[in-house]
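Enquirer: Structure below; questions to follow.
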Amino acid sequence: MIETRLTRAFGLENPIVSAPMALAAGGALASAVSGAGGLGLIGGGYGDAGWIDTAFRDAGNARVGCGFITWKLAEKPELLNRVLEHDPAALFLSFGDPAPFAAEIAAAGVPLICQVQTLDHARQAVAAGARVVVAQGGEAGGHGATRGTMTLVPEVADVLAREAPEVILLAAGGIADGRGLAAALMLGADGVLVGTRFWACREALVPEAIREAGVAATGDQTLRSSLPDIARGLDWPAPFTIRTVRNAFTQAWEGDPDGLRQRPDLHAAYAKAAAQGNAEIAPPIAGEAVGLIQDTPGAAEIVTRMAREAEELITGGWRR
């Protein structure tokens with residue numbers, strides 16, 4: 001067992017939190033992570049109330065949290081109270097100012113976790129009362145920005161040590177095994193937020209063909225762009241882009257995003273491809289960590305394997 005401020009604060013056995021990946025992190029995934037001694041988060045994402053209710057139902061009695069895309073939650077603020085009624089273990093906000101929601105979350109006695117991509121974001125999260133700050137590097141799958149995990153995490157750690165030493169820090173971006181967890185702890189984090197590795201587990205709500213295409217890729221075969229957002233008609237604010245695996249669709253439009261914006265007729269085709277698992281049109285939404293993934297086990301096995309590898313590394317017992 002690796003004990004950190006994160007494990008003590010949340011009563012965990014392992015300092016591992018699953019990312020609240022929109023439409024991929026449902027209740028079964030979150031429940032499995034929590035059951036293995038980590039903290040599982042449901043992906044509230046774009047704010048589908050029915051989907052969120054189903055996810056909490058699927059989580060059963062497991063102690064899980066929920067995450068939101070902050071700027072999207074601002075369009076449906078009533079969803080916050082709906083989730084708080086489930087008594088989540090934590091409420092996770094990312095991609096926007098958390099301040100408008102912080103008081104309601106605090107009043108419910110729920111810890112606030114804020115994901116950040118810059119030092120200014122980190123200070124904004126602290127000012128809003130975040131119990132936990134997640135420093136997300138640009139290697140991460142899904143939406144993010146451009147800073148690298150290896151430098152962002154210790155820089156945020158230094159800022160928190162000076163300005164808010166009580167705030168817990170997690171590292172995110174490119175972490176998929178025990179090496180990443182051990183490295184994050186050495187950089188000053190109290191644990192890790194893991195997305196792509198859990199995206200590729202059995203419980204993730206990812207079509208099999210898309211998951212297989214992601215696992216077959218290397219980190220070199222990913223890119224950060226706005227193409228999937230344009231194809232879905234989503235107006236994501238700057239500076240956030242989305243990291244995916246390259247495919248025929250991204251290759252066709254990578255040099256002409258403005259041209260894609262002139263093709264709203266493609267929205268329906270893209271949505272159909274995503275629903276049907278057509279990985280040639282809908283690219284796997286995964287990060288550079290795909291190059292570290294060779295299998296698709298259950299989420300519980302990922303948690304225990306990652307923690308065991310990290311502990312062996314830290315104690316000097318793991319050899320390649």
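The values are calculated or read from the model by the stated rules, or taken from the named source; none is laboratory data. Owing to the predicted nature of the structure, the values given are computational and were not obtained by experimental measurement. Glycine also receives a Cβ, built like all others from the backbone with ideal geometry; neighbour counts cover every protein chain displayed.
Enquirer: Which residues, counting only those in segment 106-119, are within 20 Å of the chain's Cα centre (by Cα) and not polar (S, T, N, Q)?
Expert: Matches in segment 106-119: Val110, Pro111, Leu112, Ile113, Cys114, Val116, Leu119.
Enquirer: Given (1) in contact with a Leu (Cβ under 6 Å, 6 or more places away or on another chain); (2) surrounded by 20 or more Cβ atoms within 10 Å (Cβ to Cβ), where does Gly287 come up short, assuming only one miss?
Expert: (1) is the only condition that Gly287 fails.
Enquirer: Restricting to segment 251-277, and then to whatever is under 19 Å from Ala209 (Cβ atoms) and not aliphatic (A, V, I, L, M), can you tell me which residue is surrounded by the most Cβ atoms within 10 Å (Cβ to Cβ)?
Expert: Here the residue is Tyr270.
Enquirer: Moving on to the next point. Tally time: how many residues in segment 135-150 are in contact (Cβ under 8 Å) with a residue 60 or more places away in the chain and of a type outside the set (Gly, Ala, Ser)?
Expert: The qualifying residues number 3.
Enquirer: Moving to a separate point now. Find the strands (runs of 3 or more DSSP E) located wholly in segment 47-142 whose residues include 2 or more that are in contact with a helix residue (DSSP H, G or I) (Cβ under 6 Å, 6 or more places away or on another chain) and either assigned by TED's automatic domain parsing to the domain that holds Gly214 or buried (at least 16 other Cβ atoms within 10 Å of the Cβ) (or both), and list them.
Expert: Ranges flagged: 91-94, 112-116, 132-136.
Enquirer: Specify the residue that is surrounded by the fewest Cβ atoms within 10 Å (Cβ to Cβ); the eligible residues are those in segment 183-215 that are closer than 15 Å to Ile168 by Cα and free of Cβ contacts under 8 Å to residues at least 60 places away in the same chain.
Expert: Met186
Enquirer: Those residues that are in contact with a Ser or Thr (Cβ under 8 Å, 6 or more places away or on another chain) and free of Cβ contacts under 8 Å to residues at least 40 places away in the same chain, I need them from segment 244-270; list them, please.
Expert: Arg246, Thr250, Glu254, Pro257
Enquirer: Something else: Taking segment 240-270 on its own, how many of its residues are acidic (Asp, Glu) and in contact with a His (Cβ under 7 Å, 6 or more places away or on another chain)?
Expert: Taking segment 240-270 first, the residues acidic (Asp, Glu) are 254, 256, 258, 265.
Retained after the next criterion (residues that are in contact with a His (Cβ under 7 Å, 6 or more places away or on another chain)): none.
Selection size over segment 240-270: 0.
Enquirer: Continuing with this model, one more query. Taking segment 1-29, which residues are within 23 Å of Ala204 (Cα to Cα), in a helix (DSSP H, G or I) and either out of contact with any strand residue (DSSP E or B) (no Cβ under 8 Å at 6 or more places or on another chain) or outside the structural domain of Ala300 (by TED's automatic domain parsing) (or both)?
Expert: Ala28
Enquirer: To continue, here is another question. Does Gly129 satisfy the criteria of being of a type outside the set (Asp, Glu), modelled with pLDDT of 95 or more and within 15 Å of Leu169 (Cα to Cα)?
Expert: Values: of a type outside the set (Asp, Glu): yes; modelled with pLDDT of 95 or more: yes; within 15 Å of Leu169 (Cα to Cα): yes.
For Gly129, the condition - of a type outside the set (Asp, Glu), modelled with pLDDT of 95 or more and within 15 Å of Leu169 (Cα to Cα) - is met.
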